[in-house]
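This report concerns only the one structure given below.
Nothing in this text is a laboratory measurement; each read-out follows from the coordinates by a stated rule. Keep in mind that what you see is a predicted model, and the values were worked out from it rather than measured. We place every Cβ from the backbone using ideal geometry, glycine too, and count neighbours over all the protein chains shown.
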Amino acid sequence: MPASVVRVLETRLRSALDENAMLGHPFYVALAKGELERSRLQEYARQFYHFEAAFPRFLSAIHARTESQKVRQVLLENLYDEEHGTRNHAALWVEFAAALGLRETEVTRAPLNSATRELVEHFGQVAHRAPLAEALATLFAFEGQVPAVAWTTIKALNDHFGLEPGQFEFFSVHLVADVAHASAEMEAIIDSSEGEDGAVAAARRACDLLLRFLDGCLGITEDN
């Protein structure tokens, strides 16, 4: 892909995330200001668990059908970070939820609201069926935002909720790890893309569903 096209694609993908940023959603605006009700943060903990627990399977599905060894290695490194060990990312999320006063079963067995279900199902469908560049762009729509989201969340949990670093290690880990993941995914999108429009549209669709997920955590539905 010509360098000029690469620059345009990267710019368009990053613009898609900036224009639909999770940090601009009322959920994170309230969290950053210390105005988010603890019950809403608990609901976020219950709902996000299902997405986090499914994320390794999204990576596995894309890995399994990818011809490029280079791209498979990117996905494998990400998958290892997510899944390995007893204190894997899903386990760290349960620890965070416990710091908010939730029992493990309240999180792992929590019913999914409609927005969470749509988000998880969409990422799963894309991981299994979408063209590679679109599947990778969907991952990037989330992981490309995680470092900034993690930093904002860490500060809010420390300043407004009285949590200690050991209680939100999930976010500390992602503050560093997803910088590398997002960068690698961007390179993989560029390597695998035969046309930029599909990848950009996939990123925008994923961003839209992430914002709707946050709506659900605030109790906002399409009927409201």
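Can you tell which of Gly144, Gly198, Gly85 shows the greatest fluctuation in a Gaussian network model of the chain with Cα springs below 10 Å?
Maximum among the listed residues: Gly85.
Which label marks the calculated value of log10 I(q)/I(0) by the Debye sum over Cα atoms at q = 0.09, 0.10, 0.17 Å⁻¹, given the options [x] -0.39, -0.48, -1.21; [y] -0.35, -0.43, -1.26; [z] -0.51, -0.59, -0.99?
Identified label for the calculated read-out: [y].
From the helices alone, meaning DSSP H stretches of at least four residues, give me the mean residue ellipticity at 222 nm for the chain, per-run term -39500 (n - 2.57), in deg cm²/dmol to the nearest 500.
For the chain, the value works out to -25500 deg cm²/dmol.
Anyone know which of Glu164, Glu134, Glu118 comes out most mobile in the 10 Å Cα GNM of the chain?
Most flexible of the set in this elastic network: Glu164.
To test your reading of the geometry: what angle, between 0 and 90 degrees and rounded to tens, separates the Cα axis of helix 89-99 from the longest principal axis of the chain?
20
Which of Thr86, Thr152, Thr138 ends up with the largest GNM mean-square fluctuation for the chain, with Cα atoms connected below 10 Å?
Fluctuation is largest for Thr86.
DSSP loop GluC sites (Glu not before Pro) in region 77-114 with at most 11 other Cβ atoms within 10 Å of their Cβ, which ones?
none
Between 0 and 90 degrees, rounded to the nearest ten: what's the tilt of helix 3-19 against the longest Cα principal axis of the chain?
20
Over the chain, what relative contact order in percent results from Cα pairs under 8 Å that are six or more residues apart?
About 34 percent, as a whole number.
What do you get for the angle between helix 132-143 and the principal long axis of the chain? Use alpha-carbon atoms, 0 to 90 degrees, nearest ten.
The angle comes out at about 30 degrees.
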